Amino acid sequence: MSIRNPSLPLPLIKGGKAEENYVGRFAPSPTGPLHFGSLITAVASYCDAKAQHGRWLVRIEDTDIPRIYPGSEAHILRSLDAFQFEPDGEILFQKDRLAIYEDVLEQLAEQGWVYACQCTRKMLGSNHIYAGTCRNLQLSFAQQAIRLKVTDTDICFEDRLQGRHCSNLQHDLGDFVLKRRDGIINYQLAVVVDDYLQGITDVVRGADLLDNTERQIWLGRVLGYPELRYLHLPLAMNDQGQKLSKQNLAQPLDLNQAPLLLQQALTALHQPPVVLDTPARMLQQAIAQWSIDAIPHTTQLQGSYA
Ligand code: GLU
């Protein structure tokens, strides 16, 4: 098996430039309204991009239809307005792009990188690392999960905050699912394809996604996409030591309190203080003083947040 370049179009970048120094993004999933943890990610990705004179894009990751929480997409868009973030391009919705992901799957199938898998969750039991049971069964792709083959390869990357992070694809991760049996395109596939097509150079996101990164790097390599830089932020936790999430009943952002919440998010990231003002002016201040070194080099923030 060889790693071939895909026949996909080059990233579509404003002004027709094929490469830019910094293109960042904020890519929330509308599985619940944005909470304080999401705000930290939005603020950090925004300030990091703007401090480096880069562009900042927004992408709504809504391929997992059953997990979409009613009204949360609208809350995300209202939050972007309330906090006066200014995306440098149209907001992209992954549910409008399913044909693109299917094309990439087809290309991977032609190259022999993917196979259909009939193993149910029950059959897999507590085995977190897939043993490759269906790899050589040549099952038809219809109504089955589609898995990507991995090889016995160590993948390492230098996270800008967390340092070096490595996994062995075969021993630590196993062949992984790109499309579920119910037809839903998996996050791993959509994120890699869209980061490429949007010309993303820098990923700034929560440390809960650190362990997904080697899979994404692998898929990107298989598809011949350029490698990205990563920065995984420490997570805001609640008073029970759980990361903030809809499941853990994190409070939706109160959009009437945008300046105060922005100030708190910057404090959580250990950034120099900003004076309460309009969100746009506060963001300008935060960008001017943005310091990666000041952010705790940990996967969790001290203290508890609602
Ligand atoms: N959509 C993912 C989430 O909301 C984030 C994806 C990413 O930043 O790579 O958790």
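Points to keep in mind about this one:
- Close pairs (6 angstrom Cβ cut-off, 6 or more residues apart or separate chains): more than 23 Å from Leu161 (Cα to Cα) in the stretch 271-298, assigned to a loop (DSSP other than H, G, I, E, B) anywhere: Pro279/Phe83; Pro279/Gln84; Ala280/Gln84; Met282/Val274
- Complete set of residues in the stretch 188-206 that are more than 10 Å from the ligand (Cβ to nearest atom), open to solvent by less than 10 Å² (accessible area, probe 1.4 Å) and more than 22 Å from Lys95 (Cβ to Cβ): Asp202
Per-residue answers, yes or no, for (1) of a type outside the set (Asp, Glu); (2) within 30 Å of Gly199 (Cα to Cα); (3) open to solvent by 40 Å² or more (accessible area, probe 1.4 Å):
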{"site": "Asn238", "(1), (2), (3)": "yes, no, no"}
{"site": "Pro252", "(1), (2), (3)": "yes, no, yes"}
{"site": "Gln271", "(1), (2), (3)": "yes, yes, no"}
{"site": "Pro279", "(1), (2), (3)": "yes, yes, no"}
{"site": "Ile295", "(1), (2), (3)": "yes, yes, no"}
{"site": "Ser304", "(1), (2), (3)": "yes, no, yes"}
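- Answer from Ile155, Ile129 - the residue that is surrounded by fewer than 19 Cβ atoms within 10 Å (Cβ to Cβ) and either in contact with a helix residue (DSSP H, G or I) (Cβ under 8 Å, 6 or more places away or on another chain) or touching a residue at least 60 places away in the same chain (Cβ under 8 Å) (or both): Ile129
Here is a yes/no grid of residues against (1) closer than 14 Å to Asp48 by Cα; (2) at pLDDT 95 or above; (3) among the hydroxyl-bearing types (Ser, Thr, Tyr):
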residue: Arg229; (1), (2), (3): yes, yes, no
residue: Gly241; (1), (2), (3): no, no, no
residue: Pro272; (1), (2), (3): no, yes, no
residue: Tyr305; (1), (2), (3): no, no, yes
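- Of the residues making up the stretch 260-269, those that are open to solvent by 40 Å² or more (accessible area, probe 1.4 Å) and either assigned to a loop (DSSP other than H, G, I, E, B) or not hydroxyl-bearing (Ser, Thr, Tyr) (or both) number 3.
- Within the option set Gln216, Gln300, Gln247, Gln242, being more than 18 Å from Ala42 (Cβ to Cβ), open to solvent by less than 20 Å² (accessible area, probe 1.4 Å) and polar (S, T, N, Q) holds for one residue only, Gln216.
- The residues in the stretch 75-95 that are open to solvent by 50 Å² or more (accessible area, probe 1.4 Å), within 16 Å of the ligand (Cβ to nearest atom) and more than 17 Å from the chain's Cα centre (by Cα) can be counted, and the count is 1.
The values are calculated or read from the model by the stated rules, or taken from the named source; none is laboratory data. All values reported here derive from a predicted model rather than from experimental measurement. Cβ: placed from backbone, ideal geometry, glycine included. Neighbour counts: every protein chain shown. SASA here: full protein model, heavy atoms, side chains in, ligands and nucleic acids out. Shrake-Rupley method; radii C 1.70, N 1.55, O 1.52, S 1.80 Å.
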